[in-house]
Amino acid sequence: MRVTVLLAAAAVVVTAPRWLPARVVALRRKVFEKVNGDNVITFPNAAVGPDRFQEVYSHPAANGRSRGAGLSDLFWYWLSPGPEVHQEHLEAGPRYDDVARTTRALLSGPADALSAAAARCAARVLDETVTGRVTLVRLRDLMMPVWAEYFYELVFGEPCPREARDLIVGHADDVVSALKCTGLRHPARRARLTRYLARRVAAGDVRHPLPATLTPTEQVHYLQGTFYNTGVVQMSDAMAHLLLALAQHPDVAARLADDPADDRYFTRVLDETMRLYPLFGIAHRITTAEIELDERTTLPEGSVLCFSYPDYHASGHARPDVFDPERWEHTPVRESHHIPFGVAANRPCPAWRLSPLALRAATGEVLRRFTLHSTVAHTRSLPNRGACLLVRVGEPLPPRRLARIGALLRVRDRWEHVWRSVVQLVLGTVMVLHARRLRLAGRYFDPRPTAGCRVDQPPSSQENTA
Ligand code: HEM
C-alpha cells in the first residue's frame, strides 16, 4: 500500500512538466478574471472576424487609452513611476501631441547613423560580456545592456557611462519581470533611475527640448517610461525572439550570416518573427463614442476593446504555426494580416522605422561572433528569457557535445517552467490585488472613492510588455 502511494506520488512529480504549467495558467486566468471581471470585447471574434479587425481598430471612436477601464490600474501599476505621462497611456489632446512629437524627434535621424549606433552598442556589450568559446546566456538579459546604451546615446548624444547603463537595466528588468509576473515590482530600484534622470534633465543634458506641456518631474517620467522602459524592453524582447528563432532554425541563421547585405531576407525573417511572436499580445482601447458595426451590432461608448495580435497574425496564412520567412517572398505585408507596429490610423509605434534598422545592425554583430543553439520552448511571452548557447564562430563544438548540452537545456527548461508557472500564479495574484487597491488610474481620473469600480480583462501575462 505504502509502495503504491509512493509510486503514485513519484509519477505525479515526474510528469509535472507535462500537465502542471497548463493547469496553473488556467487557474491564474480564473483568478484574474474573478478579481478583474470580464467586461471586454476581444477581436477578432465570431461576429467581427479578421477581415474587419483593422476597421474597428482604426475607428476614430476607438481612441480612449486609460480613462474608464479597470485594466488601466494594472498597467499604471506596472509602468510606474509616471504612468500618467507615458505616451501609450496619455489620452488624446495637446499633451499627447506634445509628447508624441518629442518622441518622434528623439527617434529620428539618418538611417546610417541609427544603424551604426546599434552596431557599436551591440559590439561593445558583446565583447565585454561574452568572452568564452561557449557561453550559456538568456538572450533578453544579454540584450538589455545593448539597448540601454543605445537609448542613452539617442537621448543624451554621448556614450553611455556604466553607472547609467546599470540603472537603466535594473529599471527595465524590473518592469518586464513584473509585467510577466515572474517578479514583484521594486519601486526603490526604479526611483534610483528617476533621480539620475532628474539630475541630467535639470542640467539641460537632453539633446532635444522635452515636452513643454509637462512639468520637470513629468518630463523625467516621460523619458524613463518611453525610452528606458518601453524602448529597452521592446527591443530586448524583439531581439530575444529573433535570436531564439535563429538558434532553432540554423539554415535561416546561416543564410543571414553568409549574406549580411541582403536586407530583403532580413526583413522577411523579422516579419516572420514578429508575426509568430508579436510583442503585443493584446492592445486595448476604450471607446469614446458608439461604434456602429452593422444594423444589429453597436459597440457602446465606454467599451473596452481588446485587439489580439497573435490571433490576427495567425489568420489568413497557410500553416500559421510554422516559422517560415519564405512566406513573405510572395506575400506583400500590406495585403496580409500583419501589424507588428500597430495600425497607422490609431497610435502606431513611433519606433516603426528605427526598430528594424537597429535590430538588423545588432543581429549582424551577434552572427559575426557566434552561432546560436537552443532547445528551449519558444513562446510569445518568453518567460524563460530565451536561454541559448553562444558558440564562437570558427570554434565549433563537436555535434555530440552540442546534442548533449541541448538535451540538458531542454530538461532544465521544462522543470523551470513548472516552478515558474506557480510563481507567476502567486505573484500575478498579489500584484492584481495590490493594483486594485492602489487604483492609480481610477484615482487619477476620478479622485472620489469608488465602490465596485469597473474592471476588465485579466492580463494573463499575455498583455503588451511595454
Ligand atoms: C521591435 C520593436 C517594437 C515593436 C514590435 C513595437 C510594437 C508596438 C505596437 C504594436 C504598438 C501599438 C500598440 C497599440 O496599438 O496600443 C506600439 C506603440 C508604442 N511603442 Fe512600440 N514597438 C517596438 C519598439 C518600440 C521602441 C524602441 C519604442 C521607444 C523608444 C517604442 C515606443 C512605443 C510607444 C511610445 C507607443 C505608444 C504610441 C502611442 O500611443 O502614441 N516602441 N509599439
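Read-outs: derived from the displayed coordinates by stated rules, not from any lab. Quick caveat: nothing in here was measured; it's all calculated off a predicted structure. So basically every Cβ, Gly included, is an ideal-geometry build from the backbone, and we count neighbours across all protein chains shown.
The simple spin-label model puts a point 7 Å past each Cα toward its Cβ; for residue 329 and residue 202 those points are separated by 6.0 nm. Net length available on complete extension from residue 4 to residue 92 is 25.2 nm, with 0.36 nm assigned per residue and the Cα-Cα distance removed. With the dipole of the chain worked out from charges on the C-beta (+1 for Lys and Arg, -1 for Asp and Glu) around the Cα centre, which of 302, 417, 58 lies farthest toward the positive end? Going by the Cα projections, it comes out as 417. Sort the chain into rounded, prolate or oblate with this rule: let a ≥ b ≥ c be the square roots of the eigenvalues of the Cα gyration tensor; rounded if a/c is under 1.5, and if a/c is not under 1.5, prolate when a/b is larger than b/c, oblate otherwise. Here the chain falls in the rounded category. Here the peptides 248-257, 398-407 are ranked by packing, the mean other Cβ count within 10 Å, and the order with the highest first is 248-257, 398-407.
Can you bin region 248-392 into rounded, prolate or oblate? Criterion: square roots of the alpha carbon gyration tensor eigenvalues sorted a ≥ b ≥ c, rounded for a/c under 1.5, prolate for a/b above b/c, oblate for the rest.
Values: a/c = 2.28, a/b = 2.11, b/c = 1.08.
Verdict is prolate for region 248-392.
A simple spin-label model places the labels of residue 67 and residue 42 2.8 nm from each other, with each point 7 Å out along Cα-to-Cβ.
Tally the DSSP beta bridges in region 21-445 and give the antiparallel ones as a percent, rounded to 5.
Here the share of antiparallel DSSP bridges comes out near 80 percent.
Is the shape of region 163-215 rounded, prolate or oblate, going by the alpha carbon gyration tensor and its root eigenvalues a ≥ b ≥ c, with a/c under 1.5 for rounded and a/b larger than b/c for prolate? It comes out prolate by the Cα gyration axes. Think of region 147-265 as having a plus end and a minus end, set by charges on the Cβ of Lys, Arg, Asp and Glu; of 168, 188, 229, 188 sits farthest toward the positive end of this dipole.
Residues in region 109-153 near a label at residue 162, defined as backbone nitrogen under 19 Å from the 7 Å Cα→Cβ point? Taking a point 7 Å out along Cα→Cβ of residue 162, the residues of region 109-153 whose backbone N falls under 19 Å are 121-132, 142-150, 152-153. For the chain, the relative contact order works out to 33 percent when only alpha carbon pairs closer than 8 Å and six or more residues apart are counted.
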